Amino acid sequence: MSKGGFKELKVWQKSKELAVYIYQVTDKKPFSKDYGLRDQIRRAAVSIASNIAEGDERETDRESVRYFYIAKGSSAEVLTQATIAFEIGYIEKETFCPSPFAFRPSPLTNGGLHAI
């Protein structure tokens, strides 16, 4: 879909940074000991970048948009799990910033996703 490949997409770059960030945050106690929540948020974070990459590599716009919306759903999942982790004390106030988790449809990308 994109001419420069998915690695050139800002939304992919931001989502990859988010996945790395999630791995770093969840590697610290007490988060690291909650295997269920830790593994779920990690999978969801990796899913965002992965679905953006896969969508960008698809042959038709329709297929691409489908994967972009899956990535959008995964971003909501990460935001929900990060909010829960914050509220139960796994993430400190200084560390928790919900804005990197937010993605929304963008008219600039014909309904594709735009990192906020």
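A few remarks follow.
- Gly4 at pLDDT 85 or above, small (Gly, Ala, Ser) and not in a helix (DSSP H, G or I): no
- Within region 77-95, tally of residues that are without any contact (Cβ under 8 Å) to a residue 24 or more places away in the chain, among the aliphatic types (A, V, I, L, M) and surrounded by 15 or more Cβ atoms within 10 Å (Cβ to Cβ): 1
- First in region 38-50 and within 17 Å of Arg66 (Cα to Cα) and without any contact (Cβ under 8 Å) to a residue 40 or more places away in the chain, second anywhere and of a type in the set (Val, Ile, Thr) and buried (at least 21 other Cβ atoms within 10 Å of the Cβ), Cβ under 8 Å, 6 or more apart: Ala44/Val78
- Subset of region 2-54 that is closer than 15 Å to Thr95 by Cα, aromatic (Phe, Trp, Tyr) and under 15 Å from the mean Cα position of the chain (by Cα) - its residue that is surrounded by the fewest Cβ atoms within 10 Å (Cβ to Cβ): Tyr23
- Selection within region 14-30 - touching a helix residue (DSSP H, G or I) at 6+ places or on another chain (Cβ under 9 Å) and either assigned to a loop (DSSP other than H, G, I, E, B) or aliphatic (A, V, I, L, M) (or both): Leu18, Ala19, Val20, Ile22, Val25, Asp27
- Taken over region 64-112, the residue count meeting the criterion of being more than 19 Å from the chain's Cα centre (by Cα) and either assigned to a helix (DSSP H, G or I) or at pLDDT below 85 (or both) is 7.
- Of the residues screened, Arg66 is not one that is buried (at least 19 other Cβ atoms within 10 Å of the Cβ) and free of Cβ contacts under 8 Å to residues at least 24 places away in the same chain.
- Residue in region 19-39 that is closer than 15 Å to Ser75 by Cβ, modelled with pLDDT of 90 or more and touching a Leu at 6+ places or on another chain (Cβ under 8 Å) present: no
The values are calculated or read from the model by the stated rules, or taken from the named source; none is laboratory data. Because the structure is predicted, anything quoted here is derived from the model rather than measured. Here Cβ is always computed from backbone atoms with ideal geometry, including for glycine, and neighbour counts include all displayed protein chains.
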